[in-house]
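Single-structure report; data block below.
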Ligand SMILES: Cc1cc2nc3c(=O)[nH]c(=O)nc-3n(C[C@H](O)[C@H](O)[C@H](O)COP(=O)(O)O)c2cc1C
């Protein structure tokens, strides 16, 4: 079958094949095609043969951690919702694709929409939710059309809706379209937008798993599980295979696979699935290797960090990346070569975070902007004497006083480039020289090409 995802999504042939296995093999507009490839076996097994607690136990045994960035234990979150007494509980599949350069969630919901819906239904059964909302970025029109059709087909086949599979479990799935702003993918912002408010984050705690969607007219606070679309796809995979099968790949701390978007200066950019714990150099290899001599990789999207090529042995895993100043984040790995200016790159990401900040928290609204201004002064060789110190101190303040993870992560590209490429900062600030010969001062911005979506 020809590719079933939008042309800008290139599914790479290397790496592992679990969530990606059926993309291109099944017809994403057909429930029958999904079922021919084993679709909904996980839901059937969960609902017919397992208690909700057993389903949570299976997800826990698999060691599944959230794939939307934070790596929090999925089962631990579910237990909170399961044990919170409430008339109404909700599961939200987060397919907001907040980082526009990340293509993996989009590949899933376009190429295999039922897989995400099935995972959301299993999650709803496990935590006792009566609703499963698939929250999708509004401009993913192909995905929205397919998800809506898939939801209708699943309901018509009694796989969702009233009395699922003839049992006494009822779960109403629906598709909700949200704005494509970066901050609007943050879980409390998704909840706010679904309830009709602006998509802005709220302070946690309370965590949504205990008190999420709030229905003002009834003063209801519904425990709400917000789970990344990929996490839910893994849930469907686990229940249709086994916890042991899932855990057969991955690192000690993080079992299973992760979808990544590899881009920048690599031979074949695209979306791949890799075992967690794979060294970065192995992932770059899945994309055909770096084109030219690599200098670094920005790992994790706008709030990620730069890992120098000399450290490409770093395992792609939550804690090792954290230790290196990067994150799993949106699952993007942007490889840059010698001709890319690291100061300008840091400025690019910082400016994105500053422009996308919702403005609710002062350190975020003003702090991120001040960081960009200091970078601008350095880039134009007109720094104030303490600008590098300011970058360090203000980065720490913005990180530590954040209302949401946008600002906690926003300084990452600055601090990691300061740590690893201090000579480039010095050359700009002291001599007005770009060591890469390619920054804004030189009028060329090759870095921006693969990041067109972020502009
Ligand atoms: C600025 C920002 C944007 C985010 N965008 C997304 C997104 O597009 N999709 C997503 O699943 N999580 C996103 N997150 C993470 C969510 O807040 C949340 O942690 C996640 O949906 C939880 O699901 P998980 O446990 O399955 O990872 C974002 C967080 C921040 C701070």
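The values are calculated or read from the model by the stated rules, or taken from the named source; none is laboratory data. Computed from a predicted model, the values in this text were never measured in an experiment. Quick reminder, even Gly has a Cβ in these numbers, built from the backbone with ideal geometry, and neighbours come from all protein chains shown.
Listing for the model above:
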quantity	calculated
Residues of region 260-278 satisfying the condition of being more than 15 Å from residue 318 (Cβ to Cβ) and either buried (at least 24 other Cβ atoms within 10 Å of the Cβ) or within 20 Å of the chain's Cα centre (by Cα) (or both)	261, 262, 263, 264, 265, 266, 269, 270, 271, 272, 273
Residue match in region 25-35 (condition: part of a loop (DSSP other than H, G, I, E, B) and within 29 Å of residue 282 (Cα to Cα))	yes
Scope region 286-305; condition within 21 Å of residue 23 (Cβ to Cβ) and surrounded by fewer than 23 Cβ atoms within 10 Å (Cβ to Cβ); matching residues	286, 288
Residue among 154, 150, 129, 143 that is in a loop (DSSP other than H, G, I, E, B) and modelled with pLDDT of 95 or more	129
Helices (runs of 4 or more DSSP H) contained in region 38-102 and holding at least 2 residues crowded, with 22+ Cβ neighbours inside 10 Å and near the ligand (Cβ under 8 Å from one of its atoms)	74-83
Some residue of region 387-399 being in contact (Cβ under 8 Å) with a residue 12 or more places away in the chain, outside any helix (DSSP H, G or I) and crowded, with 18+ Cβ neighbours inside 10 Å	no
Filter pass, residue 422 being at pLDDT below 90 and surrounded by fewer than 18 Cβ atoms within 10 Å (Cβ to Cβ)	no
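Yes/no matrix, rows are residues, columns are (1) assigned by TED's automatic domain parsing to the domain that holds residue 149; (2) within 15 Å of residue 114 (Cα to Cα):
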position	(1), (2)
9	no, no
19	no, yes
23	no, yes
49	yes, no
61	yes, no
77	yes, no
86	yes, no
